[in-house]
1. Tally the residues that are touching a Phe, Trp or Tyr at 6+ places or on another chain (Cβ under 9 Å), part of a strand (DSSP E or B) and either of a type in the set (Gly, Ala, Ser) or open to solvent by 60 Å² or more (accessible area, probe 1.4 Å) (or both), restricting the search to the stretch 352-410.
2. In the stretch 45-90, what count of residues is obtained for those that are open to solvent by 40 Å² or more (accessible area, probe 1.4 Å) and either of a type in the set (Phe, Trp, Tyr) or without any contact (Cβ under 8 Å) to a residue 60 or more places away in the chain (or both)?
3. Step by step: first the residues of the stretch 114-137, then only those that are open to solvent by 20 Å² or more (accessible area, probe 1.4 Å) and under 23 Å from the mean Cα position of the chain (by Cα), then the one that is modelled with the lowest pLDDT. Which residue is that?
4. Going through the stretch 200-231 one residue at a time, which ones are part of a helix (DSSP H, G or I), in contact (Cβ under 8 Å) with a residue 60 or more places away in the chain and under 25 Å from Asp138 (Cβ atoms)?
5. Of the residues Ser343, Ser338, Ser348, only one is within 29 Å of Pro32 (Cα to Cα), among the hydroxyl-bearing types (Ser, Thr, Tyr) and either open to solvent by less than 20 Å² (accessible area, probe 1.4 Å) or over 25 Å from the mean Cα position of the chain (by Cα) (or both); which?
6. What number of residues within the stretch 277-321 are touching a Leu at 6+ places or on another chain (Cβ under 8 Å) and touching a residue at least 60 places away in the same chain (Cβ under 8 Å)?
7. List every residue pair whose Cβ atoms lie under 6 Å apart, where the two residues are 6 or more positions apart in sequence or sit on different chains, the first residue falls within the stretch 2-14 and is open to solvent by less than 10 Å² (accessible area, probe 1.4 Å), and the second residue, located anywhere, is at pLDDT 75 or above and aromatic (Phe, Trp, Tyr).
8. Among the residues of the stretch 325-348, which ones are within 23 Å of Gln300 (Cα to Cα), polar (S, T, N, Q) and part of a loop (DSSP other than H, G, I, E, B)?
Amino acid sequence: MYTSGNITRNTIAMVLAGGKGERLSPFTIGRPKPAVPFGGKYKIIDFVLSNMFNSGIKRVYILTQYQAYSLSKHIKDSWSKWAGLGEFYDTISPETTSMSEQWYKGTADAIYQNLRFIESSGADYAVIFGGDHIYKMDISQMLSYHRMNKADITIAALDVSPEEATRFGILNVDEDLRVTSFMEKPKDPPRVPGRNTCFASMGNYIFSTKKLIDILKKSRSKYEDLDFGKHVIPMMLEQGDKIFAYSFFDNYVPGMEPNERGYWKDVGTIDSYYDANKDLISVSPQLNLYNYSWPILTNQGNLPPAKTVFDFEGRRGQNLDSLVCGGCITSGAMVRKSILGPSCKVHSYALVEDSILFENVQIGRNAKIKNAIIDENIFIPEGMEIGYDHEEDRMRGCIVTESGIVVVTK
């Protein structure tokens with residue numbers, strides 16, 4: 001573990017949050033992937049921003065692009081209000097504030113188009129993280145590691161098995177974890193010295209600011225679709241820059257239990273999104289939302305507490321092994337192993353099992369829902385069954401994944 005001192009005071013952060021998240025469609029038809037609800041009350045982007053906030057990094061730009069309104073509103077209603085003197089959580093969209101007024105063509109191009117914000121910041125270090133993954137991380141430890149190595153760039157690396165490594169960009173490192181090469185989805189991935197695992201890039205970077213400015217200006221003249229993995233890192237390797245991998249497994253946040261170490265989820269598909277949500281309601285989840293030493297923050301709203309109604313035989317309001325958000329009413333119904341977003345209502349004699357309900361979903365009387373994800377503001381009519389007959393679900397216009405998850409949208 002590396003101590004941070006005041007290193008975060010000399011840091012500016014940029015969060016890449018403009019992705020379409022096409023594999024998570026239809027939930028990303030009207031919102032970007034970082035704005036998709038997760039765990040009931042949160043948005044996906046709340047996890048990286050909470051990591052920034054808890055690490056002491058409070059000068060943060062969020063780079064938006066696709067369907068940005070809902071994400072920008074979420075930042076304005078929550079994160080922007082928590083900034084102090086000289087601190088900010090602010091959104092930047094390419095069509096309004098970037099120098100070229102063009103859509104971002106790659107991860108590094110997004111930073112290049114907003115380079116003036118970094119140049120004018122006076123920061124020694126630039127943290128560039130993605131906005132669409134679920135994990136906890138003390139970024140100040142990675143910053144201290146970066147400074148200790150006098151690195152030009154430090155890349156957060158996830159330990160994966162050699163079999164999994166074929167799906168990632170893989171870092172080849174020496175015994176000091178200095179990066180010697182970078183390969184996209186290699187068939188025979190190199191191992192980390194002394195381990196039978198491989199280092200997969202998490203797409204999270206820390207740059208020394210002067211080096212970032214220099215390499216982006218140099219590489220932008222060669223590539224319009226400038227990307228960190230495809231262009232910037234190979235160029236830096238070619239010119240002999242100091243590139244280090246930072247092992248995410250070595251990162252420790254206060255209050256973390258041993259089973260939480262190294263937890264990171266890419267919720268990029270319906271099935272992986274569903275599984276990661278269901279992880280939260282297990283007895284000892286790998287991602288503990290109840291660790292008050294490292295809280296996940298979001299817009300709390302002014303909703304009343306959740307409640308159950310009625311206690312008659314056959315008509316008893318019960319929430320079992322579930323996460324239930326504020327404003328929810330379970331009225332003479334059964335909710336089991338599910339997540340209910342804010343302001344949901346489950347009416348009498350209904351059953352909700354192994355399902356995820358977004359905000360303001362209503363389940364009518366005698367309805368039965370199983371293995372489903374239901375988008376916000378949807379009313380399920382009285383007596384309807386979802387998740388029991390997949391052919392019937394498809395006829396209604398629902399999407400059914402290969403694993404049997406039913407997606408209900410407007």
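The values are calculated or read from the model by the stated rules, or taken from the named source; none is laboratory data. This is a predicted model, so every value here is computed, not measured. Counting neighbours? That spans all protein chains shown, and the Cβs are built from the backbone with ideal geometry, glycine included. With ligands, DNA and RNA removed, areas are computed over all heavy atoms of the protein, side chains included. Shrake-Rupley method; radii C 1.70, N 1.55, O 1.52, S 1.80 Å.
1. 3
2. Counting residues in the stretch 45-90 that are open to solvent by 40 Å² or more (accessible area, probe 1.4 Å) and either of a type in the set (Phe, Trp, Tyr) or without any contact (Cβ under 8 Å) to a residue 60 or more places away in the chain (or both) gives 16.
3. Asp132
4. Thr209, Leu212, Phe228, Gly229
5. Ser338
6. Summing the residues that are touching a Leu at 6+ places or on another chain (Cβ under 8 Å) and touching a residue at least 60 places away in the same chain (Cβ under 8 Å) in the stretch 277-321 gives 5.
7. Final answer for the pair search is Thr11/Tyr125; Met14/Tyr61.
8. Ser338, Ser343
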